[in-house]
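The values are calculated or read from the model by the stated rules, or taken from the named source; none is laboratory data. Note that this is a predicted model, so its numbers are computed, not measured. Glycine gets a Cβ as well: all are built from the backbone with ideal geometry, and neighbour counts include every protein chain shown. Surface accessibility is based on the protein's heavy atoms, side chains included, excluding ligands, DNA and RNA. Shrake-Rupley method; radii C 1.70, N 1.55, O 1.52, S 1.80 Å.
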Amino acid sequence: MRAFLKRNRYYLSAFFLLLVIYYFSLPRTIFRESYSTVLEDRTGKLLGATIAADGQWRFPEGDTIPGKFKAALVLFEDKRFYSHPGVDVFSLGRATRQNLAAGKIVSGGSTLSMQVIRLSRNNSRTLFEKLVEMILATRLEWRYSKEEILALYAAHAPFGGNVVGIEAACWRYFGRDAAELSWSEAALLAVLPNNPSLIHPGKNRSVLKAKRDRLLKRLMQVGEMDSLTYELALTEPIPEHPVALPRLAPHLLSRLIKDGYGGRRVVSSIDRAMQERITQLVNYHHERLKGNRVFNAAALVVEVKTGRTLAYVGNTNAGVAHGEAVDIITARRSTGSILKPILFAAMLDEGKMLQSTLQPDVPTLINGFAPRNFSKQYDGAVAANQALIRSLNIPAVHQLREFRYEKFYNLLQHAGLTTLNQPADHYGLSLILGGAEGTLWEITGLYASMARTLNNFFESPGSNRYNKQDFHAPAYQLRDSIVNKNNEAASWLSAAAVYLTFDALQEVYRPGEETGWRMFHSSKRVAWKTGTSHGLRDAWAVGVNGEYAVGVWAGNADGEGRSGLTGTESAAPLLFDIFNQLPGNEWFLKPQNELHEVEVCTKSGMRATELCEPREKQWVTRAGLQSGACRYHKPVHLSHDGKHRVHSACESLSNIKTESWFVLPPVQEYYYKSKNLSYRSLPPLRADCVNPASVASMDVIYPRPNARIFIPRQLNGEQGSALFEVVHRQPGTVIYWHLDDHYIAATRGTHRIPVAPTAGTHKLTLIDDDGNIVALTFSVVSEN
């Protein structure tokens with residue numbers, strides 16, 4: 001043996017060298033073409049696809065091919081496919097005889113394995129190339145199974161024009177998935193790669209049909225179909241022209257490419273049927289909105305439990321001129337009031353207020369920032385939950401000031417908002433009124449995360465019932481999910497605070513026919529909130545129940561504002577139409593372990609004291625147990641007839657009676673009593689109880705009472721203004737200015753403002769921090 005090896009060592013070396021060359025002759029990646037980006041729904045149905053970078057409709061390789069196409073292909077191209085090692089010597093012999101007899105090449109004798117090699121190399125067809133294909137085909141058979149080789153062929157075979165691969169061909173010619181092919185369609189596609197030019201519109205129809213029909217007859221003869229199926233297959237027409245691919249989620253498809261999934265097949269979490277319904281609803285409401293020249297809208301439906309996206313409608317069919325290609329779901333827009341529920345929950349969580357604690361709603365000036373309510377009116381004081389339901393701006397600003405905007409900024413970042421790319425001081429108190437930007441994607445995800453936190457609270461017994469990973473952005477891929485479950489004692493918001501917030505949000509006034517929702521047993525319980533940005537540019541509506549979170553945005557992609565473009569009027573109707581399409585009506589369980597029942601003052605909404613009357617029971621968070629007691633009910637000393645306030649210096653103690661009185665701060669009282677007729681102001685001090693040394697603290701310099709003033713026009717013809725001025729004894733006091741009972745400004749320090757009243761009689765009312773009021777009338781004389 002040793003002598004044999006020595007004598008033949010050169011031959012053996014050459015043999016092993018050839019074996020190594022043969023082993024490495026087949027590239028690790030056979031095909032290097034670009035592919036279409038393919039988006040599928042959660043069941044693998046096509047939602048949309050883009051053309052590949054080289055201009056071909058070529059879907060990424062699949063791992064299976066339809067059975068009918070497989071049977072037709074093997075019978076037509078390579079009937080001994082499952083028995084040969086990559087090269088069929090019988091087919092080569094037959095091809096050689098046919099070519100010699102014809103005097104030209106009429107048959108190649110290539111197996112499907114050889115054709116895969118030819119498609120991958122794409123070289124000119126020569127005898128040498130044929131030999132290379134034969135060698136590489138055997139190597140291909142060594143690496144891949146027969147089914148894998150068929151899949152490679154099916155994915156890269158040409159089907160005419162710019163259509164490559166069985167999947168692209170099925171959608172381009174028949175408008176359906178490859179698994180739904182009929183025998184006639186499978187036979188047509190099996191013969192087409194042999195001569196792809198036959199599919200050209202208006203040409204070669206009879207030749208292509210004849211080839212298809214011959215293959216159908218052979219399929220019947222080998223028992224793949226019965227005679228009736230064969231006869232029916234013969235009657236099916238040849239496709240006249242390519243058809244458009246589905247475009248059910250075009251903006252999500254574009255997002256795939258931006259997110260780095262270009263040229264890949266992505267199985268999304270989208271529910272195709274739901275996507276179609278929501279798209280129809282968005283386009284229906286688009287018709288309503290464009291009457292007001294509002295052209296764009298978007299809607300997002302997220303499954304609360306998993307965070308997966310079920311419907312993704314990024315825009316309307318508004319046309320190129322109106323930015324229909326813009327994906328509104330990922331566009332950064334002013335948040336308006338949509339973040340107020342998060343602040344409400346955070347305040348409850350820290351016990352800084354209870355659900356109905358009174359909040360100030362008066363003209364406010366904080367370091368030059370003067371927020372106003374959308375209605376431009378003031379209630380004086382309003383319960384926190386009512387302020388949330390009515391989306392009042394001034395109470396929200398006072399809440400944020402107490403909570404601190406820096407803490408709220410950090411909370412939003414932890415909860416999943418990535419659009420806060422400026423320091424907290426950049427936003428300040430405007431953070432709660434749309435001073436920051438957000439995306440429909442993240443804001444809907446934030447509401448879904450709150451719901452998920454509440455639902456998951458009941459899944460983990462014991463003290464550790466939270467997982468901060470429940471706060472996360474939505475996912476659009478079916479494979480995406482949160483798998484790590486590290487239970488903790490707390491999260492960014494407690495289940496109790498979330499539950500109380502959602503309970504309040506149920507009461508937000510619904511639009512249109514939804515107004516009387518409580519009267520119908522079938523009505524769905526939805527916690528929802530609207531938002532409207534400054535300048536009426538963005539209309540938001542986000543709602544959530546135990547199963548779904550839905551986000552809606554309406555507006556113009558270019559940022560143009562429109563009168564009437566509000567969350568309630570423009571976005572909310574679409575929100576409730578979507579909820580009415582969703583199955584189920586699951587509401588949240590009450591986290592009883594984290595809620596505590598306490599007595600609260602009915603009027604102030606704070607923990608009741610012995611002075612409070614009436615009182616009521618209310619559920620509060622654990623921190624709410626430490627919240628402040630009612631500070632509005634105070635003991636007041638009255639004269640015997642109850643008409644005046646007195647004190648021991650002017651009345652004997654035996655004649656003084658003491659009552660509990662609900663007393664608001666003076667400025668709050670001024671606005672509150674105009675909206676609450678049952679409010680009783682404090683009785684005045686009896687004349688003999690007033691300190692004679694007390695003097696007026698505020699006086700008007702200009703205009704004087706009953707003054708008649710003339711205001712000339714400016715040089716450009718516009719209405720001029722008069723400079724009104726007031727003095728106050730306390731330099732740091734804020735004075736609130738009202739003209740004809742409408743708030744116009746607040747001043748501190750120097751009390752001087754320009755006013756441009758129209759001709760006629762007017763009333764000027766001034767209120768300071770202590771509730772002192774000065775009112776006067778004056779007249780403006782017209783130029784005529």
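Here are the numbers for the structure shown:
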{"item": "First in the range 398-409 and without any contact (Cβ under 8 Å) to a residue 24 or more places away in the chain and over 16 Å from Arg372 (Cβ atoms), second anywhere and surrounded by 15 or more Cβ atoms within 10 Å (Cβ to Cβ) and hydrophobic (A, V, I, L, M, F, W, C), Cβ under 7 Å, 6 or more apart", "result": "Glu406/Ala424; Tyr409/Leu420; Tyr409/Ala424; Tyr409/Leu431"}
{"item": "Single match in Pro705, Pro712, Pro731, Pro757 (criterion: surrounded by 17 or more Cβ atoms within 10 Å (Cβ to Cβ) and in a loop (DSSP other than H, G, I, E, B))", "result": "Pro757"}
{"item": "Positions within the range 572-602 being open to solvent by less than 30 Å² (accessible area, probe 1.4 Å) and of a type in the set (A, V, I, L, M, F, W, C), in sequence order", "result": "Ala572, Leu574, Leu575, Phe576, Ile578, Phe579, Leu582, Phe588, Leu595, Val598, Val600, Cys601"}
{"item": "Search result, residues across the range 536-581 that are modelled with pLDDT of 95 or more and β-branched (Val, Ile, Thr)", "result": "Val542, Val544, Val550, Val552, Ile578"}
{"item": "Criterion (touching a Leu at 6+ places or on another chain (Cβ under 6 Å) and either open to solvent by 80 Å² or more (accessible area, probe 1.4 Å) or of a type in the set (Asp, Glu) (or both)) met by exactly one of Asp63, Asp41, Asp54", "result": "Asp41"}
{"item": "Options Arg272, Arg212: the member that is at pLDDT 95 or above and either basic (Lys, Arg) or open to solvent by less than 40 Å² (accessible area, probe 1.4 Å) (or both)", "result": "Arg272"}
{"item": "Of residues in the range 329-377 being aromatic (Phe, Trp, Tyr) and open to solvent by 10 Å² or more (accessible area, probe 1.4 Å), the one nearest to Ile443 (Cα to Cα)", "result": "Phe374"}
{"item": "Top-ranked residue in the range 378-387 [being open to solvent by 10 Å² or more (accessible area, probe 1.4 Å) and touching a residue at least 60 places away in the same chain (Cβ under 8 Å); ranked as nearest to the chain's Cα centre (by Cα)]", "result": "Asn385"}
{"item": "The range 614-646, residues that are on the phi < 0 side of the Ramachandran plot and more than 45 Å from the chain's Cα centre (by Cα)", "result": "Lys634, Pro635, Val636, His637, Leu638, Ser639, His640, Asp641, Lys643, His644, Arg645, Val646"}
{"item": "Close pairs from the range 751-775: first within 20 Å of Pro684 (Cβ to Cβ), partner assigned to a strand (DSSP E or B) and acidic (Asp, Glu), Cβ under 9 Å, at least 6 apart", "result": "Val774/Asp699; Val774/Asp768"}
{"item": "Every residue from the range 285-312 that is at pLDDT below 95 and among the hydroxyl-bearing types (Ser, Thr, Tyr)", "result": "Thr306"}
{"item": "Hits in the range 54-97 - residues which are aliphatic (A, V, I, L, M) and within 19 Å of Ala190 (Cα to Cα)", "result": "Ile65, Ala71, Ala72, Leu73, Val74, Leu75"}
{"item": "Any hit, the range 185-192, residues being part of a loop (DSSP other than H, G, I, E, B) and in contact (Cβ under 8 Å) with a residue 24 or more places away in the chain", "result": "no"}
{"item": "Every pair of residues 6+ apart whose Cβ atoms lie under 6 Å, when the first sits in the range 699-714 and is at negative phi while the second is part of a loop (DSSP other than H, G, I, E, B)", "result": "Ile709/Pro703; Ile711/Gly720; Pro712/Gly720; Arg713/Gly720; Gln714/Gly720"}
{"item": "Lone qualifier among Glu148, Glu133, Glu129 - being open to solvent by 20 Å² or more (accessible area, probe 1.4 Å) and either assigned to a helix (DSSP H, G or I) or modelled with pLDDT of 85 or more (or both)", "result": "Glu148"}
{"item": "Single match in Ser533, Ser523 (criterion: farther than 16 Å from Thr335 by Cα and either touching a residue at least 40 places away in the same chain (Cβ under 8 Å) or surrounded by fewer than 20 Cβ atoms within 10 Å (Cβ to Cβ) (or both))", "result": "Ser523"}
{"item": "Residue check, Ala396 assigned to a helix (DSSP H, G or I), at pLDDT 95 or above and in contact with a strand residue (DSSP E or B) (Cβ under 6 Å, 6 or more places away or on another chain)", "result": "no"}
{"item": "Test: residue in the range 594-601 that is modelled with pLDDT of 90 or more and not in a strand (DSSP E or B)", "result": "yes"}
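Yes/no matrix, rows are residues, columns are (1) in contact with a strand residue (DSSP E or B) (Cβ under 7 Å, 6 or more places away or on another chain); (2) of a type in the set (A, V, I, L, M); (3) under 30 Å from Asp361 (Cβ atoms):
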{"site": "Glu651", "(1), (2), (3)": "no, no, no"}
{"site": "Phe662", "(1), (2), (3)": "yes, no, yes"}
{"site": "Ser681", "(1), (2), (3)": "no, no, yes"}
{"site": "Leu685", "(1), (2), (3)": "yes, yes, yes"}
{"site": "Gln730", "(1), (2), (3)": "no, no, yes"}
{"site": "Asp740", "(1), (2), (3)": "yes, no, yes"}
{"site": "Ile744", "(1), (2), (3)": "yes, yes, yes"}
